[in-house]
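A short write-up of the structure that comes next.
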2 protein chains.
Amino acid sequence: MTRELGGGRTASGVVGRPTVHDVAREAGVSLATVDRVLNERPGVRKVTAQRVADAMERLGYQRDMAAANLSKRRHYRLVFILAAGTNSFMHMLRDAVSGTASFTSADRIELETILVPPFDGPALAAALDRLDTSRIEGVAMVATDAPEVRDAIARLVAKGIHVLTLVSDAPTSKRAKFVGVDNVVAGRTAAGLLGRCCPLPGRIAIVMGSSLLRDHVERRLGFETVIAREYPHLTCLSPIEGRDDSETVARLLSARLAADPEIVGIYSLGAGNGGIVQALRQRQGQRRISVVVHELTRSARTALIDGTFDAVINQDAGHEVRSAVRILKSLIDGRPTFDAQEKISIDIFMRDNLP
Amino acid sequence: MTRELGGGRTASGVVGRPTVHDVAREAGVSLATVDRVLNERPGVRKVTAQRVADAMERLGYQRDMAAANLSKRRHYRLVFILAAGTNSFMHMLRDAVSGTASFTSADRIELETILVPPFDGPALAAALDRLDTSRIEGVAMVATDAPEVRDAIARLVAKGIHVLTLVSDAPTSKRAKFVGVDNVVAGRTAAGLLGRCCPLPGRIAIVMGSSLLRDHVERRLGFETVIAREYPHLTCLSPIEGRDDSETVARLLSARLAADPEIVGIYSLGAGNGGIVQALRQRQGQRRISVVVHELTRSARTALIDGTFDAVINQDAGHEVRSAVRILKSLIDGRPTFDAQEKISIDIFMRDNLP
DNA sequence: CAAAATCTGATGTACGTTCATCAGAATGGA
DNA sequence: TCCATTCTGATGAACGTACATCAGATTTTG
């Protein structure tokens with residue numbers, strides 16, 4: 001009925017978690033030796049090191065990171081590399097980083113944001129190479145999946161920097177982990193929603209930002225797979241590349257809608273929700289088009305309320321940033337990460353569950 | 001393009017965040033006085049205290065909690081009070097607590113779980129009164145919304161214990177905060193989903209656990225409101241109280257389904273998903289019934305895959321527990337909580353986005 | 001077997017905070 | 001003005017760890 005944690009005894013015999021003193025006593029060595037083992041300093045024979053390791057094992061010793069960091073005067077310096085530009089989701093990410101920063105500073109974690117031009121592999125790679133690797137220990141970036149970027153990541157990792165991809169992955173790079181939603185699943189979900197909203201046969205317009213962005217490619221893949229398999233009365237048109245820019249999206253989508261009167265649904269898997277709304281509004285009052293988009297931006301929210309959009313698939317920027325921070329800290333501390341706990345889930349918003 | 005945090009200088013003039021020493025110097029008082037102010041110890045004139053407060057303000061002093069806790073040998077001892085019984089969601093909560101415990105122990109946070117009989121206000125109140133208030137500083141409970149519980153919470157709060165409600169609230173109690181989803185919204189969402197899945201007129205069966213549980217009551221409210229307003233072709237039947245028990249749910253729901261052939265949809269807002277599946281399976285192959293339930297349990301997952309359920313509304317037990325821990329820690333430390341960040345969102349699962 | 005090389009122990013300081021103690025200063029009242 | 005009260009300062013030990021130094025022990029090498 002009751003579960004307790006902790007145990008062991010300190011040097012003074014009082015109950016509490018074991019300290020280096022306990023380990024030293026248990027292993028029959030001095031504090032200095034335990035310290036050398038713990039911090040992988042030279043000058044300890046293998047046998048002795050093993051004795052110490054065994055003692056730590058036996059006692060269930062866990063190094064007190066707070067005390068260690070205090071002593072080391074350590075600061076975790078993390079860098080977030082995000083895309084510049086006006087797109088709403090990136091703004092939300094930026095805000096999430098600065099919002100998180102004010103909290104993590106209490107834990108000696110400092111966050112810095114660097115903006116790079118969007119859709120630009122070389123620029124991102126250059127920014128990575130420009131990082132002062134002696135001052136930072138972790139990087140989280142919204143990756144462009146380009147060869148230069150993969151190489152730059154490899155260089156960082158080689159220098160001992162811990163690297164994460166955020167929101168959009170570079171799967172074949174050396175990044176330690178990816179923090180973000182499963183974008184194939186996101187695309188599948190969108191298909192399930194849009195499929196149910198389009199009972200009549202017709203065509204689906206797909207709007208994406210760039211096929212350089214892994215997340216967009218994956219969403220499209222998931223979407224088209226499910227539409228083809230489960231909603232045979234619907235056909236996907238070749239995607240419009242709106243470069244995550246509302247103006248461009250509005251222009252290209254308007255043209256597409258004008259050209260093809262058989263479009264019954266729109267799936268926008270990138271940014272530029274405002275452009276979708278604009279294009280739909282321009283259109284003469286014909287048959288209703290069902291719409292599923294990504295990211296709960298301001299325009300998406302109002303479009304949901306007034307019925308222009310049917311559903312919005314969202315990823316919580318705050319969750320993602322905090323998760324990235326936690327993971328980077330764990331990596332830096334050399335602690336295991338609890339992956340199940342860091343999975344970022346997909347939020348579906350409709351009119352009735354708007355927050 | 002770049003944002004940095006931190007600043008100030010230490011006693012030694014090196015850059016870093018300000019310490020008590022800096023505050024003392026800035027205020028022109030001794031370390032001891034700063035300490036007295038900081039820890040609200042007696043023996044400081046109001047004017048002096050103000051001088052110190054001003055200095056802290058000017059320097060942007062932030063107490064280093066890690067160092068403080070180290071010095072104080074502080075352990076955060078938190079208690080989670082959950083409902084006993086076999087229901088899957090409670091199991092997930094229990095697992096979430098023990099899973100979280102292994103991580104928080106690195107931060108000197110110890111979690112203990114206490115189980116109480118479900119739907120039993122007096123039992124919960126008794127458990128609260130039985131807590132050793134000298135050993136713990138925070139409590140999170142799945143509340144039964146009963147007067148005894150409210151009183152017991154008030155007694156705890158009076159003793160300086162920080163109290164949270166988890167998953168199910170007791171809104172008129174003295175609990176500091178509620179951690180869980182907005183259950184009215186959850187009910188509304190369910191209605192939106194079920195409404196779209198039931199195009200033909202008919203009746204909706206509602207299955208709940210107990211009207212003593214605030215979360216169930218709120219979900220029902222949200223659900224019935226939206227159905228009445230937006231789906232006039234559907235009528236809600238009076239709820240079945242299945243006491244969150246699969247057997248009971250199966251029995252009562254089978255009877256209801258047999259008695260009323262016009263049921264086109266089921267909304268189960270409590271536990272006992274297995275019972276729903278069972279009742280539907282027993283039924284002779286008549287017209288399909290659409291189903292929306294809560295919590296992604298094992299049986300809900302398989303039912304989603306085989307098409308028995310249309311959608312599952314889920315709350316992430318892990319998120320909730322971790323959020324509760326963070327909030328309790330902030331309360332104990334006397335730090336502000338970032339509420340926007342602690343909002344628990346509602347997950348909607350359909351066949352296509354199962355994790 | 002002695003000298004050189006390597007390993008280990010003892011010790012002290014530091015990190016930023018808490019807490020206790022004691023002496024001394026400022027304040028208030030008579 | 002003097003004494004009793006408050007207030008304030010100085011100091012030192014502690015929390016658990018990191019890191020440096022030096023002396024002494026042990027092992028390895030020639």
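The values are calculated or read from the model by the stated rules, or taken from the named source; none is laboratory data. The structure presented is a predicted model; accordingly, all values stated were derived computationally and were not measured. FYI the Cβ positions are ideal-geometry reconstructions off the backbone, even for glycines, and counts take in every protein chain you see. Heads up: the accessible areas ignore ligands, DNA and RNA and are worked out on the full protein's heavy atoms, side chains in. Shrake-Rupley method; radii C 1.70, N 1.55, O 1.52, S 1.80 Å.
Among A:184, A:231, A:221, which residue has its Cα furthest toward the positive end of the charge dipole of the range A:183-314, with +1 on Lys/Arg Cβ and -1 on Asp/Glu Cβ? The residue sitting most towards the positive pole is A:231. Taking all protein chains together and a 1.4 Å probe, the residues A:329, A:174, A:343 rank A:174, A:343, A:329 from largest to smallest accessible area.
The 3J(HN,Hα) values that the Karplus relation (6.51, -1.76, 1.60; θ = phi - 60°) gives for the range B:243-259 are, in residue order, 6, 6, 10, 4, 4, 4, 4, 4, 4, 5, 5, 4, 4, 5, 5, 5, 6 Hz. Gly and Pro appear as x.
Per atom type, the range B:183-314 shows carbon and sulfur on 52% of its accessible surface, probed at 1.4 Å. Around the amide H of residue A:263, modelled in the peptide plane, lie the amide H atoms of A:203, all under 5 Å away and 5 or more residues distant in sequence or on another chain.
In the elastic network of chain B, a GNM with C-alpha springs shorter than 10 Å, the most mobile of B:141, B:90, B:65 is B:65. Shape summary of the range B:130-212, radius of gyration then Dmax from alpha carbon positions: 17.7, 60 Å. The range B:35-62 and the range A:44-78 have Cα centres separated by 36 Å. Counting from the shortest, the label point at residue A:67, 7 Å from Cα toward Cβ, is 1.7 nm from the same position in each remaining copy.
Counting only heavy atoms of the protein chains and using a 1.4 Å probe, residue A:173 has close to 20 Å² of accessible surface. Model label points for residue B:306 and residue A:21, set 7 angstrom from Cα along the Cα-to-Cβ axis, are 6.1 nm apart. Over all other residues within a Cβ to Cβ distance under 10 Å of residue A:353, the charged ones net out to -1, with Lys and Arg as +1 and Asp and Glu as -1. Between 0 and 90 degrees, the angle of helix A:273-282 with respect to the longest Cα principal axis of chain A falls at about 10 degrees. Taking every residue in A:311-319 and counting other chain Cβ atoms within 10 Å of its Cβ, the average works out to 2.
Note on chain A: with charges restricted to the Cβ of Lys and Arg (+1) and Asp and Glu (-1), its dipole about the Cα centre is near 820 debye.
How big is the gap, in Å, between the Cα center of the range B:302-355 and the Cα center of the range A:91-161? Computed from Cα coordinates, the inter-centre distance equals 28 Å. Here the average projected area of the convex hull drawn through the C-alpha atoms of the range A:18-91 stands at 7.8 nm².
Under 5 Å from the amide H of residue A:179 lie the amide H atoms of A:165, A:166, A:167, each residue being 5 or more positions distant or on a separate chain, with H modelled from the backbone and absent for Pro and chain starts. With a Cα cut-off of under 13 Å and a minimum spacing of 8 residues unless on different chains, the lysine pairs in the protein assembly as shown number 6. The angle between the Cα long axis of helix A:183-197 and the longest principal axis of the Cα atoms of chain A comes to about 30 degrees, rounded to the nearest 10. Among beta bridges from DSSP that stay inside chain B, the antiparallel ones total about 10%.
Suppose only helical runs count, i.e. DSSP H with n ≥ 4. What mean residue ellipticity at 222 nm does that imply for the protein assembly as shown under -39500 (n - 2.57) per run, divided by all residues and rounded to the nearest 500 deg cm²/dmol?
-14000 deg cm²/dmol
Can you tell which of A:16, A:318, A:209 shows the greatest fluctuation in a Gaussian network model of chain A with Cα springs below 10 Å? Most flexible of the set in this elastic network: A:16. For the protein assembly as shown, the solvent-accessible area works out to 44 Å² per residue, with a probe of 1.4 Å and every protein chain left in place. Projecting the Cα atoms of B:68, B:299, B:272 onto the charge dipole of chain B, computed from C-beta unit charges around the Cα centre, puts B:68 farthest toward the positive end.
As an equivalent ellipsoid, the range B:266-306 spans semi-axes of 17, 11, 10 angstrom, where each value is the square root of five times an eigenvalue of the C-alpha gyration tensor, largest first. Fully extending the segment from residue A:32 to residue A:67, taken as 0.36 nm per residue of separation minus the present Cα-Cα distance, adds 10.9 nm. With the convex hull constructed from alpha-carbon coordinates only, the range B:183-314 shows a mean projected area of 6.6 nm² over all directions. For the range B:345-355, the Karplus equation 6.51 cos²θ - 1.76 cosθ + 1.60, evaluated at θ = phi - 60°, returns couplings of 8, 8, 9, 10, 10, 10, 4, 7, 10, 5, x Hz by residue, with Gly and Pro reported as x.
Sorted from longest to shortest, the spans of the Cα atoms of the range A:279-355 along the three principal axes equal 60, 21, 17 Å. Size descriptor for chain B, Kirkwood hydrodynamic radius: 23.0 Å (Cα pairs only, one decimal). Between A and B, buried accessible area from a 1.4 angstrom probe totals roughly 5000 Å², ignoring ligands, DNA and RNA. For a label point 7 Å from the Cα of residue B:228 along Cα→C-beta, name the residues of the range B:260-291 whose backbone N is under 11 Å from it. Once the point is set 7 Å along Cα→Cβ of residue B:228, nothing inside the range B:260-291 turns out to lie under 11 Å by backbone N.
Normalised Debye scattering of the protein assembly as shown at q = 0.06, 0.07 Å⁻¹ gives log10 I(q)/I(0) of -0.42, -0.57, counting only Cα atoms as equal scatterers and leaving out solvent. Relative to the dominant Cα principal axis of chain B, helix B:121-130 is inclined by about 20°.
Under a 5 Å amide H cut-off, with hydrogens placed 1.01 Å from N, residue A:162 pairs with A:138, A:139 among residues at least 5 apart or on other chains. Shortest first, residue B:258 label-point distances to identical copies amount to 6.5 nm, with the label point at 7 Å from Cα along Cα→Cβ.
Once each part is reduced to its C-alpha centroid, what is the distance from the range A:227-283 to the range B:198-241 in angstrom? With the range A:227-283 and the range B:198-241 each reduced to a Cα centre, they are spaced 36 Å. Taken about its Cα centre, the protein assembly as shown carries a charge dipole of roughly 1420 debye when the Cβ of each Lys and Arg holds +1 and the Cβ of each Asp and Glu holds -1. Inter-chain neighbour count for A:343-349: the average number of beta-carbon atoms from partner chains within 10 Å of each residue's beta-carbon is 5.
Couplings for the range B:37-51, taken from phi via the Karplus curve 6.51 cos²θ - 1.76 cosθ + 1.60 with θ = phi - 60°, read 5, 4, 9, 6, 8, x, x, 9, 5, 4, 4, 5, 4, 5, 4 Hz in order; Gly and Pro are left as x.
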